[in-house]
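The values are calculated or read from the model by the stated rules, or taken from the named source; none is laboratory data. The model shown is predicted, which means the values in this text are computed figures rather than measured ones. Methodologically, a virtual Cβ is constructed for each residue, glycine included, from the backbone with ideal geometry; neighbour enumeration extends over all protein chains shown.
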Ligand SMILES: NC(=O)c1ccc[n+]([C@@H]2O[C@H](COP(=O)([O-])OP(=O)(O)OC[C@H]3O[C@@H](n4cnc5c(N)ncnc54)[C@H](O)[C@@H]3O)[C@@H](O)[C@H]2O)c1
């Protein structure tokens, strides 16, 4: 096809080259939308590498907290916010600023509805807010975990429909000029795990076309030591789900084996430690009171839902979900049984729960099994209190309204039972066992402590 000089000057290839030059010189304006557990650290990482970064969020509290140089995520120190601020990082809620961005990264929640179906409303709301401000040559990357097809089937059509300049997504036609670029890149952070620096976690990138792939790879290559370009957005989307389904299924397996081991009088923790000495073909997973967090209990069901469109039943996901979801209720039964052995009824007993976050040493309560367990204990008539150094109080969440205050540990002996749900490193487990009347340990936190007061389950 014949193209004019003007066309060539603003072709996809040229837009691509301009973006690469801006990324290489660290002058590309980076916009991060959704400044939560994923978005805020990402924005700070770009700022640390010298990029001009703007954060966008609809939560005024977060914007105000960041403006006053405070942090709302405990693993992010205020010094890091102050440093980013000094480098020009700003957080705003006005999406007008989107047009000034060269790359826009979306890190908003992807929860399930009450019927356990994907709730993409945060993603679609965000994309609809971006679309009117879109301009030619911009890159939009979705980082929120979701089912394969979301980027191409949901994000791209909304951007194409909602922009005011009749822009289309780039699809390998290098002569097009009225285009923007779209990619998907999954977030792989492991909260609370300080053994791998965030920038050391390889970053998977899949673009809608080769231009988007190249630009998105350059974007992340600037802050991550290794990027892993894949052939499509769907491969990138599916790879994230595979990682989380792998964890979900293996945790379910070990949870089920724990229930069997308890019945057979075998110590599952010793079994896992022994099996883990095999230098190949075995990765240890550990049982617990149930799954928590915004990822493992949720993401697999995004795929299970999408699979139905293809007349496909994802049986491993359903079975793992069934086993993991039942775990909090098993824990309540174990507590009732342990009290019963001591001639006490759960109804009327005073129970202290230790640790409510969904895993150790983090300040995240989302989908925590502790909530389900506390509610079930209360329904059975127990008087429940809790202690967690990360939560001075528990208020109202999406699915609960507990209104509880963190209780001190100094009178632990007054409770009929202490239940360790989250094995925070800061707890003195020897003291807990010494002082408590009865300890139900769901995490093997008291391993090595020999006492008839401890029941491990
Ligand atoms: N938390 C993790 O460890 C983790 C790890 C890997 C992947 N993920 C995925 O990353 C995504 C984000 O998770 P998160 O834990 O950071 O969530 P989060 O709830 O901590 O943060 C999301 C932020 O997005 C903001 N937001 C919501 N709608 C918005 C809108 N329309 N415009 C602007 N901002 C909006 C919220 O106010 C919030 O600050 C999810 O898809 C999650 O599955 C999370």
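So here's what we get for this one:
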item	result
Of all residues in the stretch 99-110 being crowded, with 17+ Cβ neighbours inside 10 Å and not in a loop (DSSP other than H, G, I, E, B), the one that is farthest from the ligand (Cβ to nearest atom)	103
Residue check for residue 300: buried (at least 22 other Cβ atoms within 10 Å of the Cβ), over 30 Å from residue 108 (Cβ atoms) and in the same structural domain as residue 398 (by TED's automatic domain parsing)	no
Test: residue in the stretch 218-233 that is in contact (Cβ under 8 Å) with a residue 60 or more places away in the chain and either more than 30 Å from residue 153 (Cα to Cα) or out of contact with any helix residue (DSSP H, G or I) (no Cβ under 9 Å at 6 or more places or on another chain) (or both)	no
Test: residue in the stretch 88-98 that is surrounded by fewer than 19 Cβ atoms within 10 Å (Cβ to Cβ), assigned to a strand (DSSP E or B), on the phi < 0 side of the Ramachandran plot and more than 14 Å from the ligand (Cβ to nearest atom)	yes
Residue among 271, 228 that is in the same structural domain as residue 180 (by TED's automatic domain parsing) and surrounded by fewer than 19 Cβ atoms within 10 Å (Cβ to Cβ)	228
Counted residues, the stretch 202-222 - those being within 16 Å of the ligand (Cβ to nearest atom) and in a loop (DSSP other than H, G, I, E, B)	1
Test: residue in the stretch 237-247 that is closer than 19 Å to residue 366 by Cα, away from the ligand (no atom under 16 Å from the Cβ) and touching a helix residue (DSSP H, G or I) at 6+ places or on another chain (Cβ under 9 Å)	no
Enumeration of residues in the stretch 111-162 that are more than 11 Å from the ligand (Cβ to nearest atom), out of contact with any helix residue (DSSP H, G or I) (no Cβ under 7 Å at 6 or more places or on another chain) and not in a helix (DSSP H, G or I)	113, 114, 115, 138
Filtered residues of the stretch 46-64 (kept if in a loop (DSSP other than H, G, I, E, B) and away from the ligand (no atom under 11 Å from the Cβ))	49, 50, 51, 52
Tally of residues being away from the ligand (no atom under 12 Å from the Cβ), surrounded by 13 or more Cβ atoms within 10 Å (Cβ to Cβ) and more than 24 Å from residue 360 (Cα to Cα) across the stretch 65-80	2
Whichever residue in the stretch 262-307 is part of a helix (DSSP H, G or I) and in contact (Cβ under 8 Å) with a residue 60 or more places away in the chain and, among such residues, is farthest from the ligand (Cβ to nearest atom)	262
Unmet criterion (only one of (1) in contact with a strand residue (DSSP E or B) (Cβ under 6 Å, 6 or more places away or on another chain); (2) in a helix (DSSP H, G or I); (3) in the same structural domain as residue 109 (by TED's automatic domain parsing); (4) within 16 Å of the ligand (Cβ to nearest atom)) for residue 199	(1)
Selected residue (only one of 157, 186, 148 is modelled with pLDDT of 95 or more and surrounded by fewer than 18 Cβ atoms within 10 Å (Cβ to Cβ))	157
Residue match in the stretch 6-24 (condition: at pLDDT 95 or above, under 30 Å from residue 390 (Cβ atoms) and either assigned to a loop (DSSP other than H, G, I, E, B) or away from the ligand (no atom under 16 Å from the Cβ) (or both))	no
Hey, residue 451 over 19 Å from residue 286 (Cα atoms) and either surrounded by fewer than 20 Cβ atoms within 10 Å (Cβ to Cβ) or in contact with a strand residue (DSSP E or B) (Cβ under 9 Å, 6 or more places away or on another chain) (or both) or not	yes
Subset of the stretch 136-188 (residues that are under 11 Å from residue 208 (Cα atoms) and under 18 Å from the mean Cα position of the chain (by Cα))	141, 184
Residue in the stretch 36-43 that is in a loop (DSSP other than H, G, I, E, B) and more than 10 Å from the ligand (Cβ to nearest atom) present	no
Matching option when the condition is in a loop (DSSP other than H, G, I, E, B) and in contact with a helix residue (DSSP H, G or I) (Cβ under 6 Å, 6 or more places away or on another chain), among 356, 384, 351	356
Test: residue in the stretch 407-422 that is free of Cβ contacts under 8 Å to residues at least 12 places away in the same chain and more than 29 Å from the chain's Cα centre (by Cα)	yes
